Structures are given as structure tokens and as C-alpha cells.
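Below you'll find the structure, written out as C-alpha cells, and then a few comments.
The values are calculated or read from the model by the stated rules, or taken from the named source; none is laboratory data. Quick caveat: nothing in here was measured; it's all calculated off a predicted structure. Note: ideal-geometry Cβ built from the backbone for every residue, glycine included; neighbour counts use all protein chains shown.
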Amino acid sequence: MKKANILEFVSRFGTYMIVIILVGLGCVISDKFLSTTNLINILDAVSYLGILASGMALVTYCGQSVDLSTPSTIAVASFVSILTLRFGMIPMILCTLLSGALIGLFNGLIVGKFRINTVVWTLAVSFVFAGLIRVIFGSANIYVTTGNTRAFEQISRYRISGRIPLGVVVMVALMIGLHIFVSRSRIGRQLKLVGCSELVARYSGINVLRIITLSFVGSGMAAAITGLFIASLSKSACYNYGTGYEFRAITAVVLSGMVLDGGRGSIAGVLGGVLAIGLLNNIMTLLGLNSFLQDVVTGIVFIVIVWFTNYTKTKLEALNG
Amino acid sequence: MKKRTLTSLLLTGALAVSLLAGCGSGGGAASDTQTATGTETADAGGDNLEKSKAIDWQSAKDNAGNPLFIDTFVPDTPEKPADPDSLPETDELHWFNFEYPYAEIQKLEQPASPADGCIGKKLILLKNGDHPYHTAYIEATKQAAEIFGMEVEVMSANWDVNIQTQQVDQAINEAPDLIIYNPVDQETSVTHLRKMYDAGIPVIGSNVMPSNEGFQYLLSFCGPADWDQSKLLAQYMAEKAGYKGNYCVITHNPGGSAYYARAYGVITELAKIAPDMVCLDIQSPGTDSAENVKQVVSDWITKYGDDLDVIFTSETTVQATGSIEACEAAGRSDILIGGIDNSETALNYIKEGKLTCATNQPPMQDGALPVLLAAKWFNGETIDDYVFMEPAVINADNVEDFLPAQW
């Protein structure tokens, strides 16, 4: 029983243990590590990733593995944001969120209704939208030229009290909101049950299709917010702006202790996973490791965490009978 | 049963949309053909040659009204050192095999020019992938082909070497008069070039260099003078920095010739003209995410503090944006940032005073150049083995000359 408690503790708070270890390591390697500027930089660097990962975590938590359509959703959102800016900031934000929600709705309905493999389906959707963008815009950048361009650019540049980037505030607020939603609300409990066993959830009277669709809509909207920030930062939109983000988001979700089969983990853990990535990258650059070695280290950490998560899950299942 | 039918219909629909999207996008095995419309089609014998030679290509303009065909140069190759690897990385001759990959290549016998005129000839452009730069490149290739009365078919590999391998076979099967080849991957390029050579199709390499061995199969190679523009960037930035201070370099993506050229062109030149300038770090955060670049530069600022004076970027969209944003967030407007190429982002930053300089690597002229060489070859003229676009520095004083941007 004692062993089970230890394993349960590690599986729930393992990410934050990694964060504490990395903070300790950072303090050892650089006296500037704990400076406010550096800590804010770390948060700033992973804020877009954190927003994306928090949405993708809903899909994972719901037992639907991962949402690989996010790169294209990011790209679509970046185009929508720039194209609708002429109608004003609020309509632009609404349209951008709507674009992500619609892609999520499409994914959720198809995956939920027809039980198509999530990875295959979302990857196909990603190709479709990436292709459509290139058909329409010819692989060219589009730039912010009309509407309130200054306000648009400030989305990614504004700092609250001159210090804390808006992206960080959005990421933390989103994580807190989603954590409360997932852990306290009825729908949150239904998400967990669907993630644990769809069959049980269905027999319990839960509308599984609605829950799965909701998780994808959440993921799509989070990807759209990420796309909006990226478009603001780059002052442009391009079909490849979301490239690579999906795998970093999956890394963050897995680091958080979530199991890709669903039903385990927490959004607070995702924050830990995102922080771990930010700290790891920061420390490796401070150490002067080149980008290739950084990839190797990140990959090794990812493998170890995936192994450890599966190990604790198996052990816990065995101990709990 | 009804559910299964519906699922099948949906999947079929999705697949059809995917295929349509892919075909039109240049992703996958995308191809796009343009036939010459503005000029006469080929006719027999010397008449066609005379008409081809009479084409006024010199007055052609790009979308900004600048000459479509710009000044080029044929590089001088220095004597190769006995063992380049034994030299320090800050010595430009250490990179001899990278900067002059064609220097020791004994070219294989090339197909003889038909010398019957360029009008009516068919070209296939094997493009490496989609990117705003390459969109402008392709546009210019088509424009130039139209000027010379040639037909051009574009196949884009979307950065997938396996797709490019299939497209090489497809291009050979179509038996064009000439292929313009932009490799996705240097290592695989030699296999592609050997196939095209064995098929007897003349090939002009463009934009990205093939592997050293691959040069033996090429009729000619043309493109940006990556090493030269890196050195030019280094010279300008060193002058602005007063030939002192420390710098960091952000590389281009590994796998292409730009990776070494745009990093070590800067480093070797600075070692020569500004030995007091010290390279603090080199990183490769990629060219896809400004956020990744911002993180690297923020970490540099944390690590090196006031010791960091200059940042060199290997491109000017994502990398320049990430660098500028990181410096602004840290209140380090004193750090000089210079980058290679001339995107609209770069030109705007130069106008705003946030980017010290960029280099002129115009995609339209890059895309038009291999067509010009092909036309000359079809007309029986001798073309150089290696032709590069003359680089230039774009700064606050001359940025207006380069507007509007091509991409």
C-alpha cells in the first residue's frame, strides 16, 4: 500500500519534481538563472506552447490520443486573424477563435461518431488544411496591412506592468481555468470517465460523442489562440507557422504525466510539463550546448518520462488489482 | 450498414479533398504547367534560332519594376590547401570544400546544345519545396520562360526527398529539353543527377547546391552567392560595430548549403577583418518558429549580458523577428542585428531601424536566372559552369530601392 502511495505521488507530481531538479541545476550552472528577467523569459518562451498543450491535453485526457491537426489550425487561425483585422479587434478575435472551434468540431464529430483513429484522422485534416492554405495563398506570406495594426502587433508584445508578457498571462489563466473545469465540473468528470473507458461512460448515460467533440473544440480553440499570438509576433501569416508545435505540445502533455490512453493526469501537470521544457531549453543554452545536442537531450528526457509514466501506470494497476 | 456506407462516403470525400488540395498546393507530387503564351511557338531551323536570339530579355522587369535579370559573376577559386580540415574553423580555407564544392570536380561530357533556338523548348523545374521565397522564384521562372517562348512545368517536392526522387523519374519520363533542379537534400542529389544525366537530359542546378559529386553531372549551376553575401554582411556589421565586440550566430537549417555558408561565411570573414570580434555561440533554432529563436536569443542575453553586441541571422523572417523581439523585451536596443535575404519583414524592420541590415537575395532574379542560361544554351551560346548573383547590402540608406519586397 505504501509503495502504491509513493507511485501515485510520483505519477501525480513527478513533473514538478523534474521542474525542481531543473531549477536546482539552473542555479548551479548560472548565477543569472534565478533573475526575474530570466524566469520571465522562460515563461515567455513557452507561453504559446503552453496554450496549445493545454488544449491538446483535453483530447488526450479524453482518451483520444493526440490532435495532430493543430499545426494547420494554427496556420488557418493566423490567416483568419490577419484577414479579419479590418473588421476590428473584437470581431477578429472572435473569428479567429471560431476558426479553431470549427476545425475542432469537425474533428470531434468525425472521430466521435465514426470511431476513426484519431492520429490518422487529425493528420489527414492537417494535410487538407495545409494544402488548402497553399492553394488559396500560394505558399506566400500575407502581412498585416489593414485595420488596427498597432493593437494587433501588441497582442504578442504587450507586457502587464511592463514586465509580464500577455502570452504568459493567457497561458496561466487558461491553465487555471481548464484545471478547475476538468477537476471540478460535471463535464470534467465525464471527460475523465470517457478517457478511462468509453464503454463504461456510455453505459453510465454519458453522451460520449458530445464529450469527445468538446475536447476537440477546446484543442482547436487553444490552437487558434496560439495562431493569433504567432501571427501577431510575426506580423504576418504563413502556411508553416504551426510546424513543429504539435510534437512539442505532445512532449509537454506526456511530461505532465498524462497517459496517451486517457483518463489520467491533470492540466496543472501540463503546466509542469511546459515549464520543464522551458527550463531544459534555457539550461542547455546557458550551458552552451549546440542545438543538435539539445535535441538529443530533449529526446532522451522524453523517452525516460514516457517509460516512467507507463511503468508507474502498470505498477499502480497491478497494486490496485 | 447505413452507418458504414456513410463512413465510406465521408472518408472518400476527405481523401478527394486531400488529393485536390495536395495537387494544387505544390505539396506532395504537385505539378503545374505553363505554356508560353506571349510568343510564337517553335518553327523549324534557323528561323527559330534567329527569332530566339532576337528576344529582348534585357528590358524585362520584375513586379517592382527592377530588372528581372540582374548582374551575375563567375567566382574565382583559390588554390586548395593540402588539408583543409587541419586549418582552424575561423580560417576560410577550412571551408574550401563547402565554399567551392565544384573546384575539383571533373565534369562529365555534357549534351551538345541543339543550337536551334529556345522558342518552343520544354523545361521542367524540380523545386525543393514551398516557401514564400520559392513562390516568388517560381513566378519568375514562369515569367522568364514566357519571355523566351518556352514551356515550363513545375514539380514541387514539398521538402520531401522521397517525393523528389519520384519526381525525378516522372521528369525523365516526360523527356523535357532541359531540367532545372533545386535539390531537397544535398546527399541524395547525386543519385538524382546521375539518373537525369544517364537519361541524356541536360540539367541546370539552381538555388541550392548539390553535393560535391553532383556537380559533375550539371550543365551549369546558378544561384545566390551564399558565402559572398555572408562575408558582405560580416563586413558591414563589423564596420557598424567598430570592428570590436562579441557576436552570436543563428544558422540556417542543417542539410542545405546555406547552413555552413551563412554561419561560417560570417565567422571566417570577421576573423579576417575584425579579429577582436569574438564568436560567443552558434545555435540552430530553425526557420519555422520565431518563438524558438526568441527563446535562444533571450537565453544569450541572460548568459552573456552586456558582452553580447551583435547577432547574425541566416534568414530575415522568423529569425530576425525572434531576435528583435528578444532584444526589445530585454531592453537591449544596443545589440546590432543583421540577417541574410530580403523578405518584406526584413525591409520593414530596416525602415523601422530595428534591423541594421539585410542582404539582397532576390527570389525573382534567382528564379529567372536558370531560364536565361537555358535559353542561351538552346541558342548555341556558351554558358559558364558556375554563375552567381551579385550580392548587395540593404541598409537604412538604400532600403527604398528594394521596395516593394518580392516576398
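Taken together, B:T382, B:T316, B:T321 contain a single residue that is over 29 Å from A:P165 (Cβ atoms) and either outside any helix (DSSP H, G or I) or not assigned by TED's automatic domain parsing to the domain that holds B:I180 (or both), which is B:T382.
With respect to being in a helix (DSSP H, G or I), touching a Leu at 6+ places or on another chain (Cβ under 6 Å) and of a type in the set (A, V, I, L, M), A:M171 falls outside the description.
In this structure, does A:L289 turn out to be assigned to a helix (DSSP H, G or I) and either under 24 Å from B:A326 (Cα atoms) or in contact (Cβ under 8 Å) with a residue 24 or more places away in the chain (or both)? No. Inspection of the range A:64-74 finds a residue satisfying the criterion of being at pLDDT 95 or above, of a type in the set (A, V, I, L, M, F, W, C), crowded, with 24+ Cβ neighbours inside 10 Å and under 16 Å from A:I230 (Cβ atoms). Is at least one residue of the range A:49-56 crowded, with 22+ Cβ neighbours inside 10 Å and over 27 Å from A:I212 (Cβ atoms)? Within the range A:49-56 (the criterion being crowded, with 22+ Cβ neighbours inside 10 Å and over 27 Å from A:I212 (Cβ atoms)), the answer is no, since none of the residues qualifies.
For the subset of the range A:113-142 comprising residues that are among the aromatic types (F, W, Y) and in contact with a Leu (Cβ under 9 Å, 6 or more places away or on another chain), which member is nearest to the other protein chains (Cβ to nearest Cβ)? For the range A:113-142, the residue satisfying everything is A:F114.
Pick from B:E291, B:E315: which is out of contact with any strand residue (DSSP E or B) (no Cβ under 6 Å at 6 or more places or on another chain), closer than 18 Å to B:T345 by Cβ and either in contact (Cβ under 8 Å) with a residue 60 or more places away in the chain or of a type in the set (V, I, T) (or both)?
Only one candidate passes the filter, namely B:E315.
Among the conditions (1) surrounded by 12 or more Cβ atoms within 10 Å (Cβ to Cβ); (2) at pLDDT 60 or above; (3) assigned by TED's automatic domain parsing to the domain that holds B:Q216, the only one that B:K80 does not satisfy is (3).
Condition check ((1) small (G, A, S); (2) within 25 Å of B:A290 (Cβ to Cβ)) across all residues:
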{"residue": "A:L39", "(1), (2)": "no, yes"}
{"residue": "A:I42", "(1), (2)": "no, yes"}
{"residue": "A:V46", "(1), (2)": "no, yes"}
{"residue": "A:Y61", "(1), (2)": "no, no"}
{"residue": "A:D67", "(1), (2)": "no, yes"}
{"residue": "A:V76", "(1), (2)": "no, yes"}
{"residue": "A:R86", "(1), (2)": "no, yes"}
{"residue": "A:F106", "(1), (2)": "no, no"}
{"residue": "A:A124", "(1), (2)": "yes, no"}
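For the range B:251-272: of the residues being within 19 Å of B:T188 (Cβ to Cβ) and of a type in the set (S, T, Y), which is farthest from the other protein chains (Cβ to nearest Cβ)? Looking at residues that are within 19 Å of B:T188 (Cβ to Cβ) and of a type in the set (S, T, Y), I get B:S257. Here B:V310, B:V293 are screened, and the one residue that is modelled with pLDDT under 95 and either crowded, with 24+ Cβ neighbours inside 10 Å or not in a helix (DSSP H, G or I) (or both) is B:V293. Of the residues making up the range A:167-197, those that are among the hydrophobic types (A, V, I, L, M, F, W, C), more than 17 Å from A:S266 (Cβ to Cβ) and in contact (Cβ under 8 Å) with a residue 60 or more places away in the chain are A:V168, A:V170.
If we scan the range A:81-102, do we find a residue that is within 14 Å of another protein chain (Cβ to nearest Cβ), part of a helix (DSSP H, G or I) and farther than 21 Å from A:L191 by Cβ? Yes, that holds for at least one residue.
Per the listing A:T70, A:T37, A:T96, A:T60, the residue uniquely free of Cβ contacts under 8 Å to residues at least 40 places away in the same chain and touching a helix residue (DSSP H, G or I) at 6+ places or on another chain (Cβ under 8 Å) is A:T37.
In the range B:318-341, of all residues being within 22 Å of B:Y264 (Cβ to Cβ) and of a type outside the set (G, A, S), the one that is nearest to the other protein chains (Cβ to nearest Cβ) corresponds to B:V318.
Just one of the listed residues (B:G205, B:G214, B:G245) is closer than 23 Å to B:Q365 by Cβ and either crowded, with 18+ Cβ neighbours inside 10 Å or touching a Pro at 6+ places or on another chain (Cβ under 6 Å) (or both), namely B:G205. With respect to the conditions (1) of a type in the set (F, W, Y); (2) at the interface with chain A (Cβ under 8 Å from one of its Cβ atoms); (3) surrounded by fewer than 24 Cβ atoms within 10 Å (Cβ to Cβ), B:W300 lacks only one, and its number is (3). The residues of the range A:28-77 that are away from chain B (no Cβ under 13 Å), of a type in the set (V, I, T) and not in a loop (DSSP other than H, G, I, E, B), listed by number, are A:V28, A:V59, A:T60, A:T70, A:T73. Where strands (runs of 3 or more DSSP E) fall entirely within the range B:199-262, those with at least 3 residues that are within 20 Å of the chain's Cα centre (by Cα) and closer than 30 Å to B:P176 by Cα are at B:203-206, B:220-224. Among residues of the range A:148-166 that are more than 10 Å from A:K235 (Cα to Cα) and more than 13 Å from chain B (Cβ to nearest Cβ), none has a Cβ under 8 angstrom from a residue that is surrounded by 15 or more Cβ atoms within 10 Å (Cβ to Cβ) and at pLDDT below 95 at a sequence gap of 6+ or on a separate chain. B:N348 meets all of the listed conditions (1) at pLDDT below 95; (2) assigned to a loop (DSSP other than H, G, I, E, B) but one, namely (2).
The set of residues in the range A:109-131 that are within 18 Å of A:E246 (Cα to Cα) and either more than 17 Å from the chain's Cα centre (by Cα) or of a type in the set (K, R) (or both) comprises A:N117, A:V120, A:W121, A:A124, A:V125, A:F127, A:V128, A:F129, A:A130, A:G131. For the range B:243-279, the set of residues classified as over 23 Å from B:K303 (Cβ atoms) and among the small types (G, A, S) consists of B:G255, B:G256, B:S257, B:A258, B:A261, B:G265, listed by residue number.
Taking the numbered list (1) polar (S, T, N, Q); (2) within 30 Å of A:I277 (Cβ to Cβ); (3) more than 10 Å from every other protein chain (Cβ to nearest Cβ) in turn, B:T287 passes all entries but (3).
For B:K354, the criteria (1) within 14 Å of another protein chain (Cβ to nearest Cβ); (2) assigned to a helix (DSSP H, G or I); (3) not small (G, A, S) hold in every case but one, which is (2).
Taken over the range A:107-120, residues that are hydrophobic (A, V, I, L, M, F, W, C) and in contact (Cβ under 8 Å) with a residue 40 or more places away in the chain amount to 3.
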